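So the structure is just underneath, and the comments pick up after that.
Read-outs throughout are calculated quantities, based only on the coordinates presented, and are distinct from any laboratory measurement. Predicted model only: the values in this text are computed from it and were never measured. A quick note on method: Cβ atoms are made from the backbone with ideal geometry, for glycine too, and the neighbour counts reach across all protein chains shown.
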């Protein structure tokens with residue numbers, strides 16, 4: 001910890017400020033403050049400032065706030081996050097504890113990536129396990145809130161595709177640890193544009209994702225043969241991704257035009273469509289059977305995707321206290 005120095009207020013000292021988030025146009029500066037009390041020990045605060053670059057190239061404070069931590073009462077760093085929500089600035093409040101869960105999570109994630117901040121924690125009462133617990137706790141909170149958002153979308157937007165496409169773009173962990181962040185590029189030819197491209201974590205090739213409405217029908221029953229088959233909307237989606245895959249395979253084996261880093265080679269296609277929450281065991285078995293006979297194509301219902309998210313959350317919750325750095329993605 002750097003040396004404490006006096007401020008303009010004689011009862012407050014501060015340590016050297018840390019830049020804990022930095023881009024070309026934005027910075028977040030953290031300054032440890034120590035408020036002296038005659039009747040009790042010094043109270044520790046952190047001053048958090050958001051700076052933005054102006055036209056002249058200088059960084060100016062656009063919002064700031066103070067938040068306190070009570071180190072002796074923190075059992076783990078999840079409680080620490082709870083304490084830091086007591087910000088004194090409404091402007092900063094919109095950045096750190098806004099209802100925009102995705103934005104808040106991104107800021108917190110950036111804070112945790114700071115080596116300086118980790119050193120600051122380690123220099124006090126924060127050990128490696130506590131810091132790891134915070135990382136996992138933030139991810140758990142992020143996933144929990146994202147799952148609630150997803151469930152709300154299923155209730156409010158059953159006839160829309162775009163809200164779910166946007167949700168998955170913000171929560172790419174939902175696809176599992178097999179993939180990393182999606183690409184902003186969606187156009188694979190002059191005439192074709194896919195909903196999403198997923199980067200395979202193993203080989204860097206891209207796979208295709210196509211969204212259809214949750215209200216779309218996946219299966220129909222053939223009474224004459226006593227079996228289930230793909231409904232028209234699902235069959236059309238399969239034909240659509242087959243066409244996408246053929247085009248993408250052809251034009252992107254060595255990389256897309258002007259985006260050589262985006263490569264496609266025998267891409268897998270994931271179709272997210274319909275609901276299966278009311279399916280009977282026989283229907284689930286039929287869907288599994290039909291899926292297993294598709295070549296490089298997977299039909300995934302919104303309920304299956306939701307179950308996948310909840311399973312991921314369960315894994316993270318179960319391992320949060322076991323492993324130092326358990327993040328399954």
* To do: Please figure out what share of the DSSP beta bridges in region 159-312 is antiparallel and state it in percent, rounded to the nearest 5.
  => 60 percent
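Sorting check: for 246-254, 264-272, which peptide has the highest mean count of neighbouring beta carbons within 10 Å, and how do the rest follow? Intermediate values should be presented prior to the final figure.
On the way: 246-254: 15.7, 264-272: 21.0.
Going from most to least packed, we get 264-272, 246-254.
When ranked by the protection proxy of mean other Cβ atoms within 10 Å per residue, highest first, what sequence do the peptides 187-198, 151-162 form? Numbers along the way, then the final one.
Working: 187-198: 17.3, 151-162: 13.0.
Those peptides, ordered most packed to least, come out 187-198, 151-162.
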